[in-house]
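One structure below.
The values are calculated or read from the model by the stated rules, or taken from the named source; none is laboratory data. Every value quoted in this text rests on a predicted model; they were computed, and no experiment measured them. In this analysis, Cβ positions are derived from the backbone assuming ideal geometry, glycine residues included, and neighbour counts consider all displayed protein chains.
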Amino acid sequence: MRRQRKSPQSERALKMLRQELEKIKPNGALPSERMLAEKLGVSRKTLRGVLEILKRERLINVIQGKGMFRAEDTATPLPRDLTVVLSLTDLYELNLNLVNAVVKKAERQNVKLLTQVRCTRPESQKEFLLSLLNQSQIRGLLINPPLLDANFERECEIYSELRKAGIYLVLLNAPFQDIPFDSVGFDDRLTQAMITSQLLQHNYRNPAFLAYQAFSIRQKQRIAGFKDALHSAGMAEYPVIVVHEDGFNYNSRHLVLEPLQRALDNGINAFVTNNDKVAEVVGEYLTELGIKVPDEVMVTGNDRQEHVNYHPPAGIFSSIRDRSALGATAFNLLYARMIQGDTFDFTPKQILLPAELINPFLD
């Protein structure tokens, strides 16, 4: 992605203002915007762009209601060619929405963005993260999804090494309370409750939850959201079907056939899951059995939902729109961290995006 070139007028004003700063003592006040614009011979709009560059480089501080001040000499300015890496495991439709939101935010702040698609093997991901330590121009890292493998302690050690090397990071789609780093994620319980509630409103009133990795933290949240929706609808039964405790993919299609048939025999007319692979495989199985999806039985994940075998009726919630907010929110959090220059032992910030999502960061 190419950075937008500054106009000759902005370049000249920036050079002049740097010279003016050298004449002002640390913590000394700058003239007002009006006076600076007149002195530099530029418009207020051009001046604000120049001041934004100096703020990013931590050469000036702006205190609302008091004015602009030269920063302390001890402040370490951000590099002028600031680079942020967006690390992804794939570029399917949802992540393209996320990327576009981050690109838009990066362009606004004149930040160079590198998008890296990494291998899904944990060891390869760690090799990539450690390679960033040797790239001095990189100051920020957005990771989606975070590694979160079995060796979580080692993963946190790698994140800590990155932070100590001056690289700020935000983990995307990671709503876990025990992550000691900045993270932005979905509220899984609320998202699942909304999906299930809308299924009930569309007369799919006998749903079952298809759980994979049923004892993970996130899956427990999703099951709880499913039960919340049924309880709110006055329903007493909460059928949960464990497809496979260790995961689910196309190579384990056979694992779903028996529990699926039992559910159909018991009158289940909707299968709810937060995993698109499970939803897609179930939809294909139902089609093979001659069952019309979604006319007779509904199958829903909560992300892509474009597959013909489980496409939902209009109005059933999809989290696809959340990805833009996820990217925009994460970039804003990362950029604020870089500008503020927090020390390593900062208090981590965690943002959970609600499913209904009215997000000011998208403005």
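Got at least one residue in segment 78-95 being modelled with pLDDT under 75 and buried (at least 17 other Cβ atoms within 10 Å of the Cβ)?
Yes; the residues of segment 78-95 include at least one that is modelled with pLDDT under 75 and buried (at least 17 other Cβ atoms within 10 Å of the Cβ).
Conditions (1) of a type in the set (Asp, Glu); (2) farther than 18 Å from Pro8 by Cβ; (3) surrounded by fewer than 17 Cβ atoms within 10 Å (Cβ to Cβ); (4) in contact with a Lys or Arg (Cβ under 8 Å, 6 or more places away or on another chain), marked per residue:
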position: Lys23; (1), (2), (3), (4): no, yes, yes, no
position: Pro26; (1), (2), (3), (4): no, yes, yes, yes
position: Leu30; (1), (2), (3), (4): no, yes, no, yes
position: Glu33; (1), (2), (3), (4): yes, yes, yes, yes
position: Glu38; (1), (2), (3), (4): yes, yes, yes, no
position: Gly41; (1), (2), (3), (4): no, no, yes, no
position: Leu47; (1), (2), (3), (4): no, no, no, no
position: Val50; (1), (2), (3), (4): no, no, no, no
position: Lys55; (1), (2), (3), (4): no, yes, yes, no
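Exactly one of (1) buried (at least 17 other Cβ atoms within 10 Å of the Cβ); (2) in a helix (DSSP H, G or I); (3) within 28 Å of the chain's Cα centre (by Cα); (4) at pLDDT below 85 is unmet by Asp228. Its number?
Answer for Asp228: the failing condition is (4).
Among the candidates Phe181, Phe176, Phe152, which residue alone is modelled with pLDDT under 75, closer than 18 Å to Gln125 by Cβ and touching a strand residue (DSSP E or B) at 6+ places or on another chain (Cβ under 8 Å)?
Only one candidate qualifies: Phe176.
If you check every pair at least six apart or on different chains, which have Cβ atoms under 6 Å apart with a residue in segment 154-165 that is touching a residue at least 40 places away in the same chain (Cβ under 8 Å) first and a residue that is loosely packed, with under 15 Cβ neighbours inside 10 Å second?
If the second residue must be loosely packed, with under 15 Cβ neighbours inside 10 Å, the pairs left are Arg163/Phe344; Lys164/Phe344.
Kindly list the number of the only condition in (1) at pLDDT 80 or above; (2) at negative phi; (3) of a type in the set (S, T, N, Q) that fails for Gln135.
With respect to (1) at pLDDT 80 or above; (2) at negative phi; (3) of a type in the set (S, T, N, Q), Gln135 is out only on (1).
List, please: which pairs have Cβ atoms under 6 Å, are six or more places apart or on different chains, and start with a residue in segment 185-201 that is in contact (Cβ under 8 Å) with a residue 12 or more places away in the chain and end with one that is aromatic (Phe, Trp, Tyr)?
What qualifies is Gln192/Phe226; Met194/Phe317; Ile195/Phe317; Thr196/Phe226; Gln198/Phe317.
Please return the ranges of helices (runs of 4 or more DSSP H) entirely within segment 232-346 where 2 or more residues are surrounded by fewer than 17 Cβ atoms within 10 Å (Cβ to Cβ) and modelled with pLDDT of 80 or more.
Those helices (runs of 4 or more DSSP H) span 254-265, 276-288.
For segment 349-361, enumerate the residues that are over 11 Å from the mean Cα position of the chain (by Cα), modelled with pLDDT of 80 or more and not polar (S, T, N, Q).
The one that is over 11 Å from the mean Cα position of the chain (by Cα), modelled with pLDDT of 80 or more and not polar (S, T, N, Q): Lys349.
Every residue in segment 21-38 that is in contact (Cβ under 8 Å) with a residue 12 or more places away in the chain, more than 13 Å from Ala71 (Cβ to Cβ) and outside any loop (DSSP other than H, G, I, E, B), please.
Hits for segment 21-38 are Glu33, Leu36.
Taking segment 152-174 as the region of interest, how many residues are acidic (Asp, Glu) and touching an Asp or Glu at 6+ places or on another chain (Cβ under 8 Å)?
1
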